[in-house]
Amino acid sequence: MVEKELRIEKLTNGFRNGSRETVLQENISAFLHPGDLVCLLGPNGAGKSTLMRTLSGFHQPLSGKISFSGKNLESMSLKARAREVAVVFTGQINDPFLTAFEVVSMGRFPYASFYGRLKKSDLEEVENTLNLLHVAHLKDKTFYQLSDGEKQKMLLARALVQDTPFLFLDEPVAFIDSPGKIEIMEWLSHFAHEQNKGILITTHDIELALDYADRLWLMNREKPLQKGIPEDLVLNGVINQYFDRERVVFDPRKGRFGSGNKPDRQVVYVKGDQVEMQWLCRAFTRMGKEVRKATAGKSVIYYSFDTDHFVLSRKDKEDVILSTIEEVMKREMDY
């Protein structure tokens with residue numbers, strides 16, 4: 001039995017207009033196996049969506065080879081492709097009359113009869129998937145009435161009922177609130193690891209990708225495609241090379257982006273690692289201060305937390321008790 005695998009070999013990605021070619025990336029070689037969640041990251045215009053459409057067979061590569069489980073993508077019929085990979089692109093559903101259930105049911109059409117009829121087992125698969133994603137109560141609503149997060153879940157359900165070893169999703173967490181983003185990523189991680197699906201998503205949310213991706217593919221029109229596990233790409237500086245800007249840089253210690261070097265930043269010292277102190281440090285950073293850990297015998301003035309209040313300790317002076325972070329901020333601004 002042939003191992004399930006998406007393989008990309010020496011691919012040149014871009015556009016062809018008559019005899020003129022616009023190259024986005026050259027010499028892309030990579031693979032995706034079931035069980036992996038891969039995030040494709042890059043700035044606007046890097047060609048992420050174009051690459052995903054190319055890998056799906058909707059856009060012709062300029063050169064190179066794409067294969068699913070040993071079969072060349074170019075030689076596969078539309079139905080054969082639909083049994084290998086389910087694809088979710090943004091802005092796919094424009095019909096204002098389709099119900100959510102009908103949209104999800106589209107995922108079963110590769111298995112429908114010659115006349116496009118779905119069997120009872122197909123409809124049961126749709127119902128089970130809607131229940132799994134906790135959206136069955138929305139199935140009779142028209143798709144366009146749903147919120148962005150609900151639409152994304154329905155499109156994910158449609159991809160799942162297609163029952164393919166691979167899923168491609170273009171910006172699945174765009175325009176969704178923070179809890180909704182986490183929920184979608186949790187589901188994708190579950191389907192990759194528990195249902196053994198190879199999942200490729202594009203996203204602009206680098207910090208979210210670092211939390212969930214098994215591997216990252218990094219794109220930039222000025223650089224080659226970089227691949228690796230998130231931790232290695234952070235530690236070897238590749239994340240900085242691909243995404244740092246003049247005033248916004250990735251901080252490997254914090255695992256997130258922040259402002260670049262600020263001259264003459266005021267230093268504030270803190271002691272303790274309670275959750276209250278972590279949020280106090282975030283507030284100091286937002287104020288533009290440099291936060292350092294208090295060192296015994298060296299830090300004359302520092303903040304700490306004791307039971308239900310913050311404490312400003314000062315050598316040879318009485319401690320200052322502050323109830324909230326807002327009070328701490330006000331005191332710092334006054335001084």
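Read-outs throughout are calculated quantities, based only on the coordinates presented, and are distinct from any laboratory measurement. The structure presented is a predicted model; accordingly, all values stated were derived computationally and were not measured. Every residue, glycine as well, gets a Cβ built from its backbone with ideal geometry; the counts of neighbours run over all protein chains shown.
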message: Can you compute log10 of I(q)/I(0) for region 267-334 with the Debye formula, treating each Cα as one identical point scatterer, at q = 0.15 Å⁻¹?
response: -0.42
task: Using only the C-alpha atoms of region 1-81, find the volume of their convex hull and express it per residue in Å³.
output: 105
- prompt: Given the options Lys141, Lys153, Lys315, which has the most mean-square fluctuation in a GNM of the chain, springs set between C-alpha atoms less than 10 angstrom apart?
  reply: Lys315
query: Rg and Dmax of region 181-332, using alpha carbons, in Å: what are they?
result: 20.2, 63
field: GluC sites (Glu not before Pro) lying in DSSP loop within region 1-85, provided at most 16 other Cβ fall within 10 Å
entry: Glu3, Glu5
statement: Quick note on Phe31, Phe97, Phe284, ordering by fewest other C-beta atoms within 10 Å, gives Phe97, Phe31, Phe284
J(HN,Hα) series, region 232-244, from Karplus relation 6.51 cos²θ - 1.76 cosθ + 1.60, nearest Hz, glycine and proline x: 5, 5, 6, 5, 8, x, 5, 4, 5, 4, 8, 10, 4
task: Find out how many positive minus negative residues lie around Phe101, taking Lys and Arg as positive, Asp and Glu as negative, among other residues whose Cβ is under 15 Å from that of Phe101.
output: -1
- prompt: With springs only between Cα atoms under 10 Å, which of Ile239, Ile66, Ile28 fluctuates most in a Gaussian network model of the chain?
  reply: Ile28
field: Karplus 3J(HN,Hα) series, Hz, for region 314-328 with 6.51 cos²θ - 1.76 cosθ + 1.60 (x for Gly, Pro)
entry: 10, 4, 6, 9, 5, 5, 9, 9, 10, 7, 10, 5, 4, 5, 4
- prompt: If we count other beta carbons within 10 Å of each Cβ, what is the order of Leu73, Leu155, Leu118, fewest first?
  reply: Leu118, Leu73, Leu155
For q = 0.08, 0.14, 0.15 Å⁻¹, Debye-computed log10 I/I(0) when each Cα of the chain counts as one equal scatterer: -0.52, -1.11, -1.21
- prompt: So which GluC sites (Glu not before Pro) in region 248-335 are both in a DSSP loop and have at most 15 other Cβ atoms within 10 Å of their Cβ?
  reply: Glu318
task: Per residue of region 174-187, in order, report the coupling 6.51 cos²θ - 1.76 cosθ + 1.60 (Karplus, θ = phi - 60°) as ³J(HN,Hα) in whole Hz, putting x for Gly and Pro.
output: 6, 6, 10, 5, 4, x, x, 4, 4, 4, 4, 5, 4, 5
- request: Quick one: which residues, 5 or more positions from Thr90 or on another chain, have an amide H under 5 Å from its amide H? H modelled 1.01 Å from N in the peptide plane, none for Pro or chain starts.
  value: Asp170
- line: Rounded to the nearest whole number, the Stokes-Einstein translational diffusion coefficient of region 34-166 at 25 °C and 0.890 mPa s (Kirkwood radius, C-alpha pairs) in µm²/s is 151
Alpha-carbon centroid distance for the pair region 114-151 / region 23-94, whole angstrom: 25
- line: Taking a ≥ b ≥ c as the square roots of the Cα gyration tensor eigenvalues, with a/c under 1.5 meaning rounded and otherwise prolate when a/b beats b/c or oblate if not, region 141-216 comes out oblate
- prompt: Counting only residues 5 or more places away or on other chains, whose amide H sits under 5 Å from the amide H of Phe305 once H atoms are built in the peptide plane?
  reply: Val311
